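The values are calculated or read from the model by the stated rules, or taken from the named source; none is laboratory data. If you're wondering where the values come from, they're calculated on a predicted model, not measured in any experiment. Ideal geometry is used to build each Cβ from the backbone, glycine not excepted, and the neighbour counts take in all protein chains shown.
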Amino acid sequence: MFIEPIVVGPLQENCYVVACEDTREAAIIDPGAEAERIYQVVASHGFSLQYVLNTHGHPDHVGAVADIVERSGVPFLLHQDDAFLIEDFDSDPIRAFLQARTPPMPDRFLQDNETITVGSLTITVLHTPGHTPGGVCFLLDSVLFSGDTLFANSIGRTDLPGGDHQQLLTSIRERLLSQDDAVTVYSGHGHSTTIGHERRCNPFL
């Protein structure tokens with residue numbers, strides 16, 4: 001399995017290129033800005049892009065979706081409960097600050113516990129509302145892409161439209177801390193961590 005983090009945009013958002021090294025099929029998770037930098041990782045390794053997958057619909061995570069989808073023609077997937085963030089995108093003040101392009105509506109909506117195949121890789125969708133109503137995490141073997149649900153020694157903010165602090169804590173405790181301690185967590189901002197470390201040391205949990 002190939003994983004390459006790409007830190008993009010003014011808010012230093014973590015985008016990830018994930019690929020099956022056998023089939024060379026790939027997915028991009030949370031392309032927030034700098035589409036050309038992101039796509040260059042795919043092209044330079046000779047990967048065949050299959051999906052754009054988003055953990056949630058905030059502008060710093062979807063700002064490069066339009067450019068990548070237009071260039072590649074691959075489907076854009078997001079949870080239905082975050083569709084309102086795409087519909088209201090142009091009125092979000094953060095969009096103007098980030099100079100983010102309005103993304104298209106998703107080609108289809110992610111479902112809780114569904115699996116997405118990328119080559120020989122199987123990605124499981126975990127609906128983890130709280131940061132946003134449609135927030136999801138992607139579980140892949142011993143790796144978790146947590147978006148803005150869980151960070152190293154922190155958790156996602158819940159003061160934006162649709163945020164719910166208690167719901168976020170429930171999502172983390174029931175869906176994420178139920179995973180093995182050895183699972184590596186790649187979050188939407190900051191450095192990676194593990195489930196075990198967050199279980200023991202995260203002061204918000």
Practice prompt. Tell me, yes or no, whether the stretch 8-30 has at least one residue that is surrounded by 19 or more Cβ atoms within 10 Å (Cβ to Cβ), among the hydrophobic types (A, V, I, L, M, F, W, C), touching a Lys or Arg at 6+ places or on another chain (Cβ under 8 Å) and over 18 Å from SER192 (Cβ atoms).
Written response: no
Fill in: Within the stretch 99-154, considering residues that are touching a Pro at 6+ places or on another chain (Cβ under 7 Å) and crowded, with 20+ Cβ neighbours inside 10 Å, the one nearest to GLY63 (Cα to Cα)
ALA100
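Name the single residue that is surrounded by the fewest Cβ atoms within 10 Å (Cβ to Cβ) among those in the stretch 58-88 being of a type outside the set (A, V, I, L, M) and in contact with a Gly (Cβ under 7 Å, 6 or more places away or on another chain).
So the first thing to find is which residues in the stretch 58-88 are of a type outside the set (A, V, I, L, M), and the list is 58-61, 63, 67, 70-73, 75-76, 79-82, 84, 87-88.
Next, only the ones that are in contact with a Gly (Cβ under 7 Å, 6 or more places away or on another chain) stay: 60-61, 63, 79-82.
Details: ASP60: 22, HIS61: 32, GLY63: 29, HIS79: 24, GLN80: 13, ASP81: 19, ASP82: 27.
Checking each candidate, the answer is GLN80.
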Worksheet entry | Whichever residue in the stretch 52-68 is part of a loop (DSSP other than H, G, I, E, B) and under 15 Å from SER146 (Cβ atoms) and, among such residues, is farthest from the chain's Cα centre (by Cα) | HIS58
Worksheet item: Going by the conditions given, is ASN54 of a type in the set (S, T, N, Q), under 12 Å from PRO103 (Cα atoms) and surrounded by 15 or more Cβ atoms within 10 Å (Cβ to Cβ)?
Response: yes
Worksheet item: For LEU77, which of the numbered conditions (1) in a helix (DSSP H, G or I); (2) modelled with pLDDT of 95 or more fails to hold?
Response: (1)
